1. Could you tell me which of the residues A:92, A:63 is among the small types (Gly, Ala, Ser), farther than 23 Å from residue B:26 by Cα and modelled with pLDDT of 95 or more?
2. Given the options A:6, A:21, name the one that is in contact with a strand residue (DSSP E or B) (Cβ under 6 Å, 6 or more places away or on another chain), touching a residue at least 40 places away in the same chain (Cβ under 8 Å) and surrounded by 19 or more Cβ atoms within 10 Å (Cβ to Cβ).
3. Which one is surrounded by the fewest Cβ atoms within 10 Å (Cβ to Cβ), of the residues in segment B:8-46 that are among the charged types (D, E, K, R) and either more than 7 Å from chain A (Cβ to nearest Cβ) or in contact (Cβ under 8 Å) with a residue 40 or more places away in the chain (or both)?
4. Could you run through segment A:31-52 and say how many residues are at the interface with chain B (Cβ under 7 Å from one of its Cβ atoms) and either under 16 Å from the mean Cα position of the chain (by Cα) or surrounded by fewer than 19 Cβ atoms within 10 Å (Cβ to Cβ) (or both)?
5. Quick check, is residue A:60 surrounded by fewer than 15 Cβ atoms within 10 Å (Cβ to Cβ), closer than 22 Å to residue B:42 by Cβ and within 17 Å of the chain's Cα centre (by Cα)?
6. Any residue that is facing chain B (nearest Cβ under 7 Å), of a type in the set (A, V, I, L, M) and more than 25 Å from residue A:126 (Cβ to Cβ) - is there at least one of those in segment A:71-89?
7. Looking at residue A:92, is it crowded, with 19+ Cβ neighbours inside 10 Å and more than 16 Å from residue A:16 (Cβ to Cβ)?
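The values are calculated or read from the model by the stated rules, or taken from the named source; none is laboratory data. This structure is a prediction, so every number in the text was calculated from the model and none was measured. All Cβ positions, even for glycine, are placed from backbone atoms using ideal geometry, and neighbour counts span all protein chains on display.
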Amino acid sequence: MSLNEIYQTYQHKIQFIKVYIREAHPVDGWWFGKGLMNALLRLSGSKVSWEIYDPKTIEERRAAAGDCAESLQYGVKTYVDEMNDQVNKDYAAWPTRLYLIDKNGFVVYAGGLGPFGFKPGELKRALQKHLQEDMIS
Amino acid sequence: MGTIKNRREATTWQHNYDAGAPRIGDSAPDFELRDIQGENPIRLSSFRGHKPVALIFGSFT
């Protein structure tokens, strides 16, 4: 199940927040724009960009976040981490990660480190379980 | 945190910061961030008592 489908199903019960963080594989960093990894990602139909340089200012970061939101179409509104990467660091979020926070502010699901621990299906099951438990209590 | 250049830097960064990342049962670190226009600040703690929150972290690459 995609994040977009999860969002469409649960958006009335759960607040979804997309946090755009430092680029994972920019042209000027650990770039996947060529070679075997690029070929595999292209075959997978991935919508990631191969042309982004790591933003150096908050304005550049906001622009990249906007391009990302437009391309990936999660449906979830995007918020942008500051240039000190504080939220990214607090959640060890780079390159990608999922969390579910209950309405008392406690973590009820902490996804694994990305990219291999990024599992929307796990988030969906955590959402279902949490909402069921919340109804019972 | 600068631009990560290779797998070794990525692994080191994840190892260092994951040690302090919140686990199940921990209080979620609060934050306030703005949208892609630099407007409409949102604070995680503003949802306390109202709604659970799903956080989706990622970038374009």
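1. A:63
2. None of the others qualify; the one that does is A:21.
3. B:39
4. Going through segment A:31-52 one residue at a time, the tally reaches 2.
5. When the stated conditions are applied, residue A:60 does not pass them.
6. yes
7. yes
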